[in-house]
Amino acid sequence: MALTRFERFLGRLLRAVVWILFAAFKLFAPQQRHGVSRLPPITNPLLLLSAMRLARKIRRKEVTSVEVVQAYIDRIQEVNPLINAMVKDRFSAALQEAAHVDKLIEEETGGEEVLEDRLPLLGVPITVKEAFSLQGMPNSAGLLTRRDLVSGADAPSVALLKRAGAIPLGVTNCSELCMWLESHNHLYGITNNPYDFERIAGGSSGGEGSILGAGASVIGIGSDIGGSIRIPCFFNGIYGHKPSTGIVSNDGQYPPASGLQMGFLCTGPMCRYAEDLIPMLSIMGGPNANKLRLSTEVDLKKLRFFSVPHNGGSHLVSPVDAQLLQAQKMVVQRLEADLGVKVQELFIPQLKYSFQIWGTMMASPGKDGKLPTTFAELMSEGGKKVWPVWELFKWFLGFSSHTVAAIGLALVELFQSSHPSPFILQQKESLQQELEELLGTDGVLLYPSHPQIAPKHHHPIFTPFNFSYTGIFNILGLPVTQCPLGLSEEGLPLGVQIVTGKLQDRLSLATALYLEKAFGGWREPGKTTAKP
């Protein structure tokens with residue numbers, strides 16, 4: 001559907017205002033200073049193996065778990081001062097657990113197959129988003145009033161991975177209360193992109209994205225209610241999967257979802273190598289993973305592929321970067337050349353209203369009729385009630401304990417209507433029906449992960465609706481895999497979302513495996529140079 005002349009004018013006007021405001025913001029915002037311009041290169045070959053290959057080597061006694069864990073500890077200590085991704089480590093405990101793993105393997109009499117079946121991740125290190133409960137670790141979600149809170153137990157998803165033999169190294173940074181696409185808070189500070197320290201790592205699982213992209217972790221856990229797995233994975237050049245709704249438990253993370261949000265929040269795997277996605281999802285899903293039939297072989301030649309290059313031109317959202325459009329075209333060309341399939345390009349007009357749909361549904365009451373907890377109420381956790389307007393005034397004076405992004409979200413809620421627009425609800429239902437019919441049980445849709453390549457720090461404040469490229473699929477409950485597609489001219493990651501029908505996660509995961517071979521997957525950032 002073509003944009004009207006007024007919509008085109010409004011879009012240009014909004015973008016001009018955004019850039020003027022951003023230029024003014026840069027004059028007053030504190031500037032970060034770094035003594036080095038890029039990460040040191042990886043020198044230990046153990047850091048270049050997938051989690052499954054590491055687990056196999058550990059089981060076969062080709063390498064010890066202690067050696068692997070120590071290699072990752074060394075890498076974290078090398079890069080974390082530059083990226084500020086890990087906010088609390090448990091290195092001593094991890095080494096003790098690794099030594100116990102090595103002893104267990106020495107004493108095992110049942111053979112490698114027994115260990116693989118019972119403990120598929122035995123001895124493999126893992127990192128965890130700080131918003132998840134990890135016993136003995138902080139669980140503040142970046143809120144200053146929760147700074148002294150220490151988890152007494154593990155979140156279910158964390159517990160399942162530990163039960164499979166994974167060894168947590170520590171917890172990683174997130175945005176304040178996990179509701180922003182830059183990982184920044186006044187408790188831990190700001191996380192940098194490993195490919196360019198002046199750019200964001202995404203959010204809210206940005207610490208996970210950054211530490212994985214930096215080669216300082218191999219697998220991690222994130223959560224996603226509007227793109228909080230997929231956006232950081234895109235910006236940091238790694239893989240991430242938002243599962244079908246209801247497969248992986250969301251318990252044990254802060255803040256808890258409320259209202260209809262409980263049906264939109266997803267917990268899922270983040271990793272550098274596509275082959276680790278299915279094993280992680282199989283473990284994290286517990287018995288629910290059986291619904292996905294992840295072990296069923298997928299013949300990509302028998303699938304139907306679709307490509308949607310943009311959302312139709314919403315004036316609230318930035319245009320899709322030309323390099324991202326070209327990368328998606330290259331995927332289409334490669335699929336058609338290698339698989340002999342025909343990729344149909346589509347334009348879906350309802351996607352133009354993605355942000356309005358996401359906002360409307362997120363603010364809707366749950367089945368019990370109760371409205372979701374407001375962001376201002378979450379900001380008040382453990383302290384005095386937060387009044388957004390007063391908090392903004394305090395921020396201008398430098399006295400607020402909250403980020404401007406969090407304050408802005410609380411302010412937006414003040415003007416949010418309690419009566420959803422019938423037009424937006426109709427667009428949502430129409431989009432849901434169209435995509436479910438289109439994808440069925442054998443359809444795969446390509447869609448941009450974000451309209452922009454990783455932006456500079458704080459820039460999302462001026463383009464707050466760009467997350468709608470990911471957020472819409474939380475509302476629709478569809479599984480999505482973010483897949484890296486090499487690097488841009490600036491040396492920054494490119495990528496694409498792979499969307500499938502409900503419970504058809506294996507189709508997007510199989511496509512990600514294919515695209516990893518076709519486009520090279522994760523690229524080590526220490527070997528790239530971003531333009532200034």
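The values are calculated or read from the model by the stated rules, or taken from the named source; none is laboratory data. From a predicted model like this one, the values you see are computed outputs, not experimental measurements. We place every Cβ from the backbone using ideal geometry, glycine too, and count neighbours over all the protein chains shown. Surface accessibility is based on the protein's heavy atoms, side chains included, excluding ligands, DNA and RNA. Shrake-Rupley method; radii C 1.70, N 1.55, O 1.52, S 1.80 Å.
Please go through the stretch 226-248 and give me each residue that is crowded, with 24+ Cβ neighbours inside 10 Å, touching a Leu at 6+ places or on another chain (Cβ under 7 Å) and either aliphatic (A, V, I, L, M) or assigned to a helix (DSSP H, G or I) (or both), ordered by number.
Within the stretch 226-248, Ile231, Ile238 meet the criteria.
Show the residue pairs meeting these rules: Cβ distance below 6 Å; 6+ apart or different chains; first residue within the stretch 41-65 and free of Cβ contacts under 8 Å to residues at least 60 places away in the same chain; second residue outside any helix (DSSP H, G or I).
Lys57/Val63
Search the stretch 276-305 for residues being out of contact with any Leu (no Cβ under 8 Å at 6 or more places or on another chain), touching a residue at least 24 places away in the same chain (Cβ under 8 Å) and in a helix (DSSP H, G or I), and hand back the single one that is least open to solvent (accessible area, probe 1.4 Å).
The selected residue is Asp276.
Do we find a residue being surrounded by fewer than 24 Cβ atoms within 10 Å (Cβ to Cβ) and either modelled with pLDDT under 95 or among the acidic types (Asp, Glu) (or both) anywhere in the stretch 483-490?
yes
Could you list all residues from the stretch 49-79 that are in a helix (DSSP H, G or I) and among the charged types (D, E, K, R)?
Matches in the stretch 49-79: Arg53, Arg56, Lys57, Arg59, Glu67, Asp74, Arg75, Glu78.
Scan the stretch 445-459 and give yes if some residue there is surrounded by fewer than 17 Cβ atoms within 10 Å (Cβ to Cβ) and more than 25 Å from Leu300 (Cβ to Cβ), otherwise no.
Checked against the condition, which is being surrounded by fewer than 17 Cβ atoms within 10 Å (Cβ to Cβ) and more than 25 Å from Leu300 (Cβ to Cβ), the stretch 445-459 yields at least one hit.
Name the residue, out of Thr145, Thr109, Thr64, that is under 30 Å from Ala201 (Cβ atoms), out of contact with any strand residue (DSSP E or B) (no Cβ under 9 Å at 6 or more places or on another chain) and surrounded by fewer than 21 Cβ atoms within 10 Å (Cβ to Cβ).
Thr145
This table checks each residue for (1) without any contact (Cβ under 8 Å) to a residue 24 or more places away in the chain; (2) within 20 Å of the chain's Cα centre (by Cα); (3) in a strand (DSSP E or B).
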{"site": "Asp154", "(1), (2), (3)": "no, no, no"}
{"site": "Ser157", "(1), (2), (3)": "no, yes, no"}
{"site": "Gly165", "(1), (2), (3)": "no, no, no"}
{"site": "Val171", "(1), (2), (3)": "no, yes, yes"}
{"site": "Leu181", "(1), (2), (3)": "no, yes, no"}
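Residues checked against (1) outside any loop (DSSP other than H, G, I, E, B); (2) open to solvent by less than 70 Å² (accessible area, probe 1.4 Å):
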position: Val320; (1), (2): no, yes
position: Val331; (1), (2): yes, yes
position: Gln344; (1), (2): yes, no
position: Thr373; (1), (2): no, yes
position: Ala376; (1), (2): yes, yes
position: Lys385; (1), (2): no, no
position: Pro420; (1), (2): no, yes
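Kindly indicate whether Gln356 is open to solvent by 50 Å² or more (accessible area, probe 1.4 Å), under 22 Å from the mean Cα position of the chain (by Cα) and under 28 Å from Pro455 (Cβ atoms).
yes
When Leu160 is evaluated against the numbered criteria (1) open to solvent by 10 Å² or more (accessible area, probe 1.4 Å); (2) aliphatic (A, V, I, L, M); (3) in contact with a His (Cβ under 7 Å, 6 or more places away or on another chain), which criterion, by number, is the only one it fails?
(3)
(1) of a type in the set (A, V, I, L, M); (2) touching a Pro at 6+ places or on another chain (Cβ under 8 Å); (3) within 20 Å of Gly268 (Cβ to Cβ): which one isn't true of Ile200, the others all being true?
(3)
So how many residues does the stretch 185-200 have that are touching a helix residue (DSSP H, G or I) at 6+ places or on another chain (Cβ under 7 Å), more than 15 Å from Ala214 (Cβ to Cβ) and not in a loop (DSSP other than H, G, I, E, B)? Spell out how you get there, then give the answer.
To start, the set of residues in the stretch 185-200 that are touching a helix residue (DSSP H, G or I) at 6+ places or on another chain (Cβ under 7 Å) comprises 185-187, 191-195, 197, 200.
Cutting the leftovers down to more than 15 Å from Ala214 (Cβ to Cβ) gives us 185-187.
If we keep only those that are not in a loop (DSSP other than H, G, I, E, B) too, we end up with 185.
Residues that pass the stated criteria total 1.
Going through the stretch 249-275 one residue at a time, which ones are among the polar types (S, T, N, Q) and either part of a loop (DSSP other than H, G, I, E, B) or touching a His at 6+ places or on another chain (Cβ under 6 Å) (or both)? Lay out the reasoning, then the answer.
As a first pass, look at the stretch 249-275 and keep what is among the polar types (S, T, N, Q): 249-250, 253, 258, 261, 267.
Ser249, Asn250, Ser258, listed by residue number.
Could you grab the pairs with beta carbons closer than 7 Å, sequence gap of 6+ or different chains, first residue in the stretch 98-123 and on the phi < 0 side of the Ramachandran plot and free of Cβ contacts under 8 Å to residues at least 24 places away in the same chain, second one of a type outside the set (Ser, Thr, Tyr) and crowded, with 19+ Cβ neighbours inside 10 Å?
These pairs meet every condition: Glu108/Leu115.
Every residue, every condition in (1) outside any helix (DSSP H, G or I); (2) among the acidic types (Asp, Glu), yes or no:
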{"residue": "Leu431", "(1), (2)": "no, no"}
{"residue": "Glu437", "(1), (2)": "no, yes"}
{"residue": "Leu445", "(1), (2)": "yes, no"}
{"residue": "Pro460", "(1), (2)": "no, no"}
{"residue": "Pro464", "(1), (2)": "yes, no"}
{"residue": "Tyr469", "(1), (2)": "no, no"}
{"residue": "Ile472", "(1), (2)": "no, no"}
{"residue": "Cys483", "(1), (2)": "yes, no"}
